[in-house]
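Every number here is computed from the coordinates shown, using simple stated rules; none is lab data. Remember, predicted model here, so these are calculated numbers, not experimental data. Cβ placement follows ideal geometry from the backbone for every residue including glycine, while neighbour counts extend to all protein chains displayed.
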Amino acid sequence: MKINVIGVPLNLGCDRLGVEKAPNKIRELGLMKTIRGYGHRAFDLGNLYVPPVLEKDKYSKHARMKYLDAIVEVNNNLAELVYDTLKGGAFPIVLGGDHALGLGSASGVGKSYDDFGIIWLDAHGDINTSETSPSGNIHGMALGALMGKGSDELVNIYAPGNKVDPRNVFLVGTRSLDDGEVELIAKENISIYPMTVIREKGVAFVVEDIKHKLKERKIRNIHFSIDVDSLDPALAPGTGTKVPDGLTRDEFYGFIDPILDTNLIKSLDLVEYNPDLDEDDKTAQMVLDIIDHITARL
Ligand SMILES: [Mn+2]
């Protein structure tokens, strides 16, 4: 398969330094060699430009959303690049950077397919709005905005309006939700599989339930957005918003392997790995292992 790697050295959505170093760090540890090892035609499209913004100007465009203009700009460009990649018959692997980039990547996929859904693997909901967000960090608003919730500036990135039907969104691995997110999940009837459900019913149940709903909703194309904080901090300590009691290695691959085997996954984000917070490259190796695992199945 043709695979395009797109680096997005974005840290403005999490407002914490370090995560912008991730794409190059993963390259240095053998990213392209790993992908090409499976016979793929892989191209490294480099890193997207992230406009510099001074810390003192972070609220200059919006009182409750940090670095709004720069994040919108990066995501517009990312969306177009993902759209072009899919149009060219290639599979986009988007390497973050923080999870605000999901706004752009999923918007690019949404323009490519009408019958599309999103699987968002994350310790958090990422469905805050500027009103409900306790931090003003846009990485916690990305999935909400894709569903049309929150500020127009985010909802209308790349194209006007929501990019995905909330019924086509699957939120997996959550264990830290803000009050506003809990309300929205209930109101929109979002398919959510928190860690409590994964532990109670098992990962195989979650996979089967999602596959059933995909069929029911006639979803033929999925954007898979993986936040490394979905993993237990023991496996991925190098990330900015760690939450205890995350996915074990077996649970993680027990989920993603059968999801990949559906052949419905059309694009991938891998986000929130922060080299500055890592312990002996443990998280870096995990990220490479995930890429190895995924590209072996494409
Ligand atoms: Mn996230």
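Quick notes on this structure:
- Convex hull of alpha carbon positions in the range 183-298: directionally averaged projected area 7.7 nm².
- Distance from the range 121-199 to the range 203-222 (C-alpha centre basis), Å: 19 Å
- The phi-based Karplus calculation (6.51 cos²θ - 1.76 cosθ + 1.60; θ = phi - 60°) puts the 3J(HN,Hα) values of the range 41-50 at 8, 10, 10, 9, 7, x, 9, 5, 6, 10 Hz, whole numbers, x for Gly and Pro.
- Were the residues from Glu208 through Phe43 laid out at 0.36 nm apart, the gain over their Cα-Cα distance would be 56.0 nm.
- Build a GNM of the chain with springs between Cα atoms under 10 Å apart, and of Gly37, Gly144, Gly238 the one that fluctuates most is Gly37.
- Taking the three principal axes of the alpha carbon atoms in the range 27-150, the coordinate ranges are 48, 35, 26 Å, sorted in descending order.
- Close amide H pairs (under 5 Å, H built 1.01 Å from N) link Asn221 with Gly117, residues at least 5 positions away or on another chain.
- With R₀ set to 30 Å, the beta-carbon distance separating Arg220 from Asn156 gives a calculated FRET efficiency near 0.70.
- Rounded FRET efficiency, nearest 0.05, which uses the C-beta distance separating Leu29 from Ser176 and R0 of 45 Å: 0.95
- Under 12 Å of direct C-alpha separation, and excluding same-chain neighbours fewer than eight residues apart, Lys111 reaches these aspartates and glutamates: Glu80, Asp84.
- Cross-link partners for Lys61 among the aspartates and glutamates, with Cα-Cα distance under 18 Å and sequence neighbours closer than 8 places in the same chain left out: Asp15, Asp69, Glu73, Glu131, Asp152, Glu153.
- When both bridge partners sit in the chain, DSSP labels roughly 5% of those beta bridges antiparallel.
- Cut-off 20 Å, label 7 Å out along Cα→Cβ of Met1, residues of the range 75-103 by amide N: 79-96, 102
- Sequence-distant residues sharing a close amide H with Ala42 (under 5 Å, placed H): Ile3
- For peptides 4-13, 246-255, sequence by mean Cβ density within 10 Å, most packed first: 4-13, 246-255
- Placing R0 at 30 angstrom, the Cβ-Cβ distance between Asp292 and Asp115 gives a FRET efficiency of 0.55 after rounding to 0.05.
- Looking at the range 64-147, the GluC sites (Glu not before Pro) that sit in a DSSP loop and have at most 14 other Cβ atoms within 10 Å of their own Cβ are Glu131.
- Proportion of all alpha-carbon pairs of the range 2-295 beyond 26 Å (%): 37 percent
- Taking N as its residue count, the alpha carbon Rg of the range 1-58 over 2.2 N^0.38 Å: 1.38
- Cleavage-rule hits (chymotrypsin sites (Phe, Trp or Tyr not before Pro)) in the range 28-94: DSSP loop, at most 14 neighbouring Cβ within 10 angstrom: Tyr49, Tyr59
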